[in-house]
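Presented below is the structure to which this report refers.
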């Protein structure tokens, strides 16, 4: 008989378990708690959409669309794509589900996303993001609230030290058009010295040359004209309102006038929270204002702003997890005491104790199994003179914790 070979995991995927699962879950749970503090509604959108949703929203010329999307034709002949990010699907839902009546709408979600790219530290082909969006609010205070929410999330995760909020303005449409023309003129004058990738971007996405990592491009990009000389009065006032709001909210920021978003639907605020603790890929949370996105999907002109962050990358930055709830072992050392053990375990769980019940396998071995489990306290149900006796063992509980546990045990006995 031929030997069966166990399949390997697909490259760029991961099985999340153990310590990293605890880190992963802590990030997701903290995000859920913070988004409720800011009154963001939880939303779920499909894992796959029509390919056109992402092609229109991300732009046909972007690396995500041209190189990284997982697209396939279903049995009905439709082209579908596993979501590479959340914003486009949320924008599609805003239009098709009639959510315009609820605008301005504050939405948050988290889950898996998919991109075919080279796996590296903290970056996978199936990874997970948290995402927050405000759709239908044109005011700069929407940007401020989102940034304050992101800042509070990083602080509550305990990873804000060494993380810097880099902020820039992309101006309004008039600003972008004027700045884009100036950039094209500048880069055309240096066409012979640009990298091959930047030459491709020059015709369709010249702003992206500003964040090129190629050493050949850096001197040219660094000497390119900045956006401030092309800001309209309205765009300058918008950016001033955002920075004043951040100052009022106590959110530290630094200006990075080379921070860009290449697609035309981006307006005004662009931002990244960056760190040097994750190697070359230092962005931990990023976003911006996308006032032209809904329109690019066929909807009416609708303002929007949002951000996303990789759960895995945030989890990698965690230095210390909060202490888990105390674990209590409930042990039936005789099969006749299984049902009382189940009663004890259930009641303790209803009173917020984490309980592992040892009621299966060899009754004589349950005692040792419970001790090896690493519980903070153990409740043994043993036979004594043909009756059930309760033995309590405090392994790691404080006096207060033990008193609380004994109080619940007394209620069970008296019930």
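None of the figures in this text is laboratory data; all of them are computed from the coordinates on show. Every value quoted in this text rests on a predicted model; they were computed, and no experiment measured them. Glycine gets a Cβ as well: all are built from the backbone with ideal geometry, and neighbour counts include every protein chain shown.
Using helices alone, what [θ] at 222 nm do you get for the chain, with -39,500 (n - 2.57) per DSSP H run of 4 or more residues, divided over all residues and rounded to the nearest 500?
Numbers: 13 runs with 151 residues, N = 415.
Helix-only estimate at 222 nm: -11000 deg cm²/dmol.
Using the average count of surrounding beta-carbon atoms within 10 Å as a protection proxy, the listed peptides 264-270, 398-404 rank, highest first, as 264-270, 398-404. Seen against the Cα atoms of the chain and their longest principal axis, helix 399-414 is set at about 60 degrees. If I fit a long axis through the Cα atoms of helix 173-188 and take the longest principal axis of the Cα atoms of the chain, what angle between them do I get, 0 to 90°, rounded to 10? Result, in degrees: 70. Each peptide among 366-372, 218-224, 84-90 gets the average number of other Cβ atoms lying within 10 Å of its residues, and from highest to lowest they stand as 84-90, 366-372, 218-224. In the elastic network of the chain, a GNM with C-alpha springs shorter than 10 Å, the most mobile of 300, 363, 322 is 363.
Between 0 and 90 degrees, the angle of helix 233-249 with respect to the longest Cα principal axis of the chain falls at about 20 degrees. With contacts taken as Cα pairs under 8 Å at a separation of at least 6 residues, the chain carries a relative contact order of 15 percent.
Once you have a ≥ b ≥ c as the square roots of the Cα gyration tensor eigenvalues for segment 22-151, tell me rounded if a/c is under 1.5, and otherwise prolate or oblate according to whether a/b is larger than b/c. Please report the intermediate quantities before stating the final value.
Numbers: a/c = 1.91, a/b = 1.29, b/c = 1.49.
Since a/c reaches 1.5 but b/c is at least a/b, the shape of segment 22-151 is classed as oblate.
If packing is taken as the mean number of other Cβ atoms within 10 Å per residue, what is the order of 28-35, 384-391, 134-141, highest first? Please list the in-between numbers first.
Details: 28-35: 17.4, 384-391: 10.2, 134-141: 19.9.
Result, highest mean first: 134-141, 28-35, 384-391.
Rounded to the nearest 5, what % of DSSP beta bridges with both residues in segment 327-414 are antiparallel?
Numbers: 8 of 18 bridges.
Bridges in segment 327-414 are about 45 percent antiparallel.
How much of the DSSP bridge set in the chain is antiparallel, in percent, rounded to the nearest 5? Roughly 75 percent of the DSSP beta bridges within the chain come out antiparallel.
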